[in-house]
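The values are calculated or read from the model by the stated rules, or taken from the named source; none is laboratory data. Predicted model, so just to flag it, every value in this text is computed and none were measured. Backbone-built Cβ (ideal geometry, glycine too); neighbour counts: all protein chains shown.
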């Protein structure tokens, strides 16, 4: 096991009816910004529950945070936060609203010229101050409700970049599984795949003798594989919704990544598909991951075999056959929830591959993945295999 | 899954060499009490590392915190904390030192007549204020390094009671697996069994459709079953020590208990064995648990079968045979690390059973366990089966 630091002070309130506790969680006497996305919170009743729970609080609202939240939109909220002296931001939504709020919270306290700098110059600059924030999660998927990371897209430059800071960890997140009851199938499927690939990024690398982390990762993968289809079949199955929701949070709260190597190449390549073609984040992962498994099958051999056996029960055949079967099972799982895994399914052809490669090259690329040895030609190969 | 709140803000620094970071963790300008136990930290080098890391800090020391820390001893530390205006307490030791420090930290801020009240009247009184504390763990076992609970023994009344408060959660805990290298076999064995039974208390109840919690629990049990014997065979095996250490912390940091019923009857009965006969905490659990499994085999049937299959690979035979085999595997595991599971092995006879029963009856007993239905005659039966 490698050395690690683990710190996750997010207070999780899980279960039906927990939104009612909001008034005990938001600091009294603070001006609260309620931030949300496209308005699903109005049809699913969450907005009304939040407003009821926050009766007596001085609130200001900011709606319209889009999927893959835009720097340009968020900067408008930053202005309001400053002008209105907002002291607490409540994200009511999914991962995009949460990520957007993390950016707003940090940007409002940023003393440099442009808050974009703490994303574009992440290796050098960190946002160490932020307005306090909390969340009411409406979509299990990204894990943003219990971590320090956010991803923001700058439309003007077609860039999608991440930042992380302990300052933007939510003070609390309320996870009420009944929000799943009214989600569109597509968002549920995206959430299942997103959470699944988050686990894979921290697990499917090389062994470092960390059996708890491995087994915890497999626990989440197995649960997503079992409960995901149950939710797709009946989104009002409370237990299935709850297990899916908890799986998505546990997938990216730092715990399973403690003391183990991490990959994240699938995310880095996927981000370019979103930046250029606006494909849903989870769908980009479903495209890239199978290609990456094929290209890095030697590097990831031991973990591919372990993953195949423990998650999909793949135990017969030669090692190469078992790896093939394991990749096929992964593809089949993604497609079973309605997520295609090829570029052509999204209308993207071979001509896009050099565009992505050029983007990596322009950033002074030195290799990505758990060993830092995925090269630009290999990125091209990954995408070619998924045409 | 049941509703739950989860909050664990303990900053974990895990791995060799992490003690060196102490000076960044302890607040500058604060008077620090270094609290420890019997002196093993002098022979294993931990004391020297701590002193080196805290050069420049104003420190006061308090040694001699015994196993099952005594109220009478701890109150002496409380006096020093008050007199010296200590602002931070660093526990350097195992679970007893940590529990003792939690009590000292809360008792020093207690405004009532006697701090024992927040243990004896726990249902009514909570310690909500405490001096800030942190830990350098020297013995993987109790999980106290990452939770809000402490157990204290009052010698004058032969009582061993617990309390819990978010105020006493460590600000940080440093877990350096190399501390295991110099532990006596007996302490390692106790730690393995203690952590194992902590998991069982939160897992071996009845199913509530919480597959992540179940699998996480099984992950820890499997890891203890595999890595425990490796540590016993070679305590300088760093990876085995690290996996054992992380298992013990994960066993009782609240995570696997989220949204599931919990038992704790084994602990409650075990505490009486320690209170009256001063048997090591872990050993009392090894005595009580097999008896409890036998007495509650019907109540716990589904989880006993699942535990047997997933942890010990017990899959053949009738349900009753599989439960018998599962209990036998558990006993055999405890005995394989040198921990006897009968009262007679500790020189205790049948005459002790009514003493324990009277103690429970005197406290206004209304049933314990995950269903609150373990009766006093059943407690007698549990102990009788383990004579």
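Output the number of the condition that residue B:47 fails; it satisfies all remaining conditions of (1) over 20 Å from residue B:149 (Cα atoms); (2) surrounded by fewer than 19 Cβ atoms within 10 Å (Cβ to Cβ); (3) touching a helix residue (DSSP H, G or I) at 6+ places or on another chain (Cβ under 6 Å).
Going through the list (1) over 20 Å from residue B:149 (Cα atoms); (2) surrounded by fewer than 19 Cβ atoms within 10 Å (Cβ to Cβ); (3) touching a helix residue (DSSP H, G or I) at 6+ places or on another chain (Cβ under 6 Å), residue B:47 breaks only (2).
When you look at residue A:140, is it modelled with pLDDT of 95 or more and within 16 Å of the chain's Cα centre (by Cα), yes or no?
Yes.
Yes/no per residue for (1) within 14 Å of chain B (Cβ to nearest Cβ); (2) in contact (Cβ under 8 Å) with a residue 60 or more places away in the chain; (3) over 19 Å from the mean Cα position of the chain (by Cα):
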| residue | (1), (2), (3) |
| --- | --- |
| A:256 | yes, no, no |
| A:283 | no, yes, no |
| A:318 | no, no, yes |
| A:334 | no, yes, no |
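Residues of the stretch A:214-240 being assigned to a helix (DSSP H, G or I), more than 8 Å from every other protein chain (Cβ to nearest Cβ) and over 18 Å from the mean Cα position of the chain (by Cα), which ones?
Residues satisfying the conditions are A:214, A:229, A:230, A:231, A:232, A:233, A:238, A:240.
Taking residue B:250 as the residue in question, decide whether it is facing chain A (nearest Cβ under 10 Å) and in contact (Cβ under 8 Å) with a residue 24 or more places away in the chain.
yes
Give me a count of the residues in the stretch B:349-362 that are loosely packed, with under 10 Cβ neighbours inside 10 Å and assigned to a loop (DSSP other than H, G, I, E, B).
Qualifying residue count for the region: 2.
With the condition being in contact (Cβ under 8 Å) with a residue 60 or more places away in the chain and within 14 Å of chain B (Cβ to nearest Cβ), I'd like the strands (runs of 3 or more DSSP E) fully within the stretch A:1-119 carrying at least 2 qualifying residues.
Counting at least 2 such residues, we get A:4-14.
Residue A:261 versus (1) at the interface with chain B (Cβ under 10 Å from one of its Cβ atoms); (2) within 25 Å of residue B:18 (Cα to Cα): which is the lone unmet condition?
Condition not satisfied by residue A:261: (1).
What is the number of the single condition among (1) out of contact with any helix residue (DSSP H, G or I) (no Cβ under 9 Å at 6 or more places or on another chain); (2) closer than 21 Å to residue B:172 by Cβ; (3) surrounded by fewer than 17 Cβ atoms within 10 Å (Cβ to Cβ) that residue B:18 does not meet?
Only one criterion is unmet by residue B:18, namely (3).
Of all residues in the stretch B:201-213 being under 20 Å from the mean Cα position of the chain (by Cα) and in a helix (DSSP H, G or I), which is farthest from the other protein chains (Cβ to nearest Cβ)?
Once the filter is applied, the top-ranked residue is B:201.
Taking residue B:108 as the residue in question, decide whether it is surrounded by fewer than 24 Cβ atoms within 10 Å (Cβ to Cβ), assigned by TED's automatic domain parsing to the domain that holds residue B:34 and at pLDDT below 95.
Here the answer is no, as residue B:108 does not meet what is asked.
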